[in-house]
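S.K.: So that we are looking at the same thing, I have put the structure below in C-alpha cells.
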Amino acid sequence: MARQPALFVSHGSPTIVISDTRARHFLAGLAGGLPARPDAIVMISAHHDEPMTSVTSGERPTTIHDFGGFPEVLYQMRYPAPGAPELAQRLKAMLHDAVIESRLDPKRGFDHGTWTPLMLAWPEADIPVVQLSINSHATPEHHYRLGQTLEPLRDENVLIMGSGAITHNLHAFFRGGFSVDAPAQPWVREFLSWLDAKLADGDHPAVLGAIGHAPHGSDNHPTMDHILPLYVALGAGGATGRAIKLHSSVEYGVLAMDAWRFD
C-alpha cells in the first residue's frame with residue numbers, strides 16, 4: 001500500500017477555479033505528483049474553524065459557498081465527492097487516544113478551502129473526503145500534535161492535506177490595489193524567505209513560532225486561521241520528514257500561493 005505525503009496548499013480566492021494563474025495550473029496537476037491515487041483524503045481547511053475539533057461524517061457532504069460578491073458561476077459549482085463515515089469514526093477514535101477532544105458532524109459540507117483545490121486536482125470528485133476543523137484560538141503546537149495524530153493514516157494510502165494560505169493579509173490586499181501579477185511586497189518576501197529556510201532545515205519549533213519570530217510574521221498573518229493548516233500538515237509529515245516546496249507564486253503583491261510536501 002502506498003505511503004502518501006502530507007501536503008499544504010494555499011487555496012487563494014474562490015476564483016482560482018476559473019482564473020488563469022500559476023497557482024491554478026499547479027493545483028490542476030497536483031494529483032500527478034503523488035505516489036498513487038489516494039483511497040481517501042483528509043482535508044484541514046482554514047475556513048472550518050471550531051472550538052472543538054470537528055470531523056465531517058456525512059455520506060454525501062454538500063458544497064458550501066461561504067463567500068459573497070463573486071461571479072455567479074462559482075455559486076453554481078458543486079463538488080459531489082462522497083464522505084467517508086467509517087474513516088470519520090476512525091479519526092475520532094485516534095483523536096480520543098491522543099487526548100484531543102472531537103466530535104462528528106454529519107451535516108457539515110465542504111467549504112471553499114476544501115472544494116476549490118480538490119475540484120482542480122480531482123475534478124471527477126470520486127475520492128472520499130473527510131474535512132477536519134482548525135481552532136483559531138488554539139496554539140500552533142496543538143495543530144502540530146493534531147497532525148502527528150493523523151500521520152499513521154498516510155501508510156494506508158490516505159492523503160493528509162492542509163488548505164490555507166502561506167500569507168494572508170486581506171487588509172493589505174484591499175488597500176493595495178495591486179494587479180494580480182504584481183511582484184511580492186518586500187515584507188512578504190522577507191517572511192517567505194525566513195519560512196522557506198526554516199522549513200527546509202526541518203526546524204519545526206521555529207516554524208511553529210513563525211508569527212511571533214519571523215520578519216513581518218504578524219503582517220503576513222494578522223489572524224492565525226490560514227497558517228494553522230500548515231502546522232497540521234507539518235505534524236503529519238513526521239518529526240524527521242523532508243519538506244519539499246512544490247509551488248511558489250504571489251498574487252496581488254501580498255497573497256503568496258506556496259505549496260509544500262512533507263514526507
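S.K.: Name the strands (runs of 3 or more DSSP E) wholly inside the stretch 1-98 in which the number of residues that are among the charged types (D, E, K, R) is 1 or more.
M.R.: Numbers: elements: 6-10, 40-49, 53-56.
Fully inside the stretch 1-98 and qualifying: 40-49.
S.K.: What helices (runs of 4 or more DSSP H), lying completely within the stretch 166-263, carry at least 3 residues that are closer than 21 Å to Gln4 by Cβ and among the aliphatic types (A, V, I, L, M)?
M.R.: Values: elements: 170-176, 186-200, 204-208, 210-213, 217-220, 228-236.
Once the helices (runs of 4 or more DSSP H) in the stretch 166-263 are filtered for at least 3 residues that are closer than 21 Å to Gln4 by Cβ and among the aliphatic types (A, V, I, L, M), what remains is 228-236.
S.K.: Okay, moving on. In this structure, does Asp126 turn out to be modelled with pLDDT under 95, under 25 Å from Leu30 (Cα atoms) and either assigned to a loop (DSSP other than H, G, I, E, B) or of a type in the set (A, V, I, L, M) (or both)? First the steps, then the outcome.
M.R.: Numbers: modelled with pLDDT under 95: no; under 25 Å from Leu30 (Cα atoms): yes; either assigned to a loop (DSSP other than H, G, I, E, B) or of a type in the set (A, V, I, L, M) (or both): yes.
Criteria not met by Asp126.
S.K.: Within the set of pairs 6+ apart or on separate chains, which have a first residue in the stretch 149-170 that is basic (Lys, Arg), a second that is crowded, with 23+ Cβ neighbours inside 10 Å, and C-beta atoms under 7 Å apart?
M.R.: So the pair list comes out as Arg154/Gln4; Arg154/Ala6; Arg154/Ile160; Arg154/Ala236.
S.K.: Right, here's the next one. Between Ser218, Ser179, which is more than 18 Å from the chain's Cα centre (by Cα) and modelled with pLDDT of 95 or more? Break it down into steps so the answer makes sense when it comes.
M.R.: Numbers: Ser179 fails: modelled with pLDDT of 95 or more.
Matching residue, one of Ser218, Ser179: Ser218.
S.K.: Taking only pairs six or more apart or across chains, which ones have beta-carbon atoms under 6 Å, a first residue in the stretch 127-148 that is farther than 14 Å from Leu7 by Cα, and a second residue that is of a type in the set (D, E, K, R)?
M.R.: That search, which allows pairs on different chains as well, returns Ser133/Glu50; Ile134/Asp49; Ser136/Asp49; Ser136/Asp225.
S.K.: Considering (1) within 14 Å of Ser54 (Cα to Cα); (2) out of contact with any Gly (no Cβ under 8 Å at 6 or more places or on another chain); (3) surrounded by fewer than 16 Cβ atoms within 10 Å (Cβ to Cβ); (4) not hydrophobic (A, V, I, L, M, F, W, C), say which one Pro186 fails and leave the rest.
M.R.: The failed condition is (1).
S.K.: Taking the condition of being acidic (Asp, Glu) and either buried (at least 21 other Cβ atoms within 10 Å of the Cβ) or modelled with pLDDT under 95 (or both), how many residues in the stretch 52-87 meet it?
M.R.: In the first step, residues of the stretch 52-87 are kept if they are acidic (Asp, Glu); the result is 59, 66, 72, 86.
Add one more test, that the residue is either buried (at least 21 other Cβ atoms within 10 Å of the Cβ) or modelled with pLDDT under 95 (or both), and what stays is none.
Residues meeting the conditions: 0.
S.K.: How many residues are under 20 Å from Pro229 (Cβ atoms) and either in contact with a Gly (Cβ under 6 Å, 6 or more places away or on another chain) or surrounded by 14 or more Cβ atoms within 10 Å (Cβ to Cβ) (or both) when one looks only at the stretch 29-44?
M.R.: First pass over the stretch 29-44, keeping only residues under 20 Å from Pro229 (Cβ atoms): 30-31, 33-34, 38, 40-44.
Still in the running and either in contact with a Gly (Cβ under 6 Å, 6 or more places away or on another chain) or surrounded by 14 or more Cβ atoms within 10 Å (Cβ to Cβ) (or both): 30-31, 34, 38, 40-44.
Number satisfying all stated conditions: 9.
The values are calculated or read from the model by the stated rules, or taken from the named source; none is laboratory data. Note that the structure is a prediction, hence the values are computed from the model and not measured. Cβ atoms come from the backbone with ideal geometry, glycine included; neighbour counts cover every protein chain shown.
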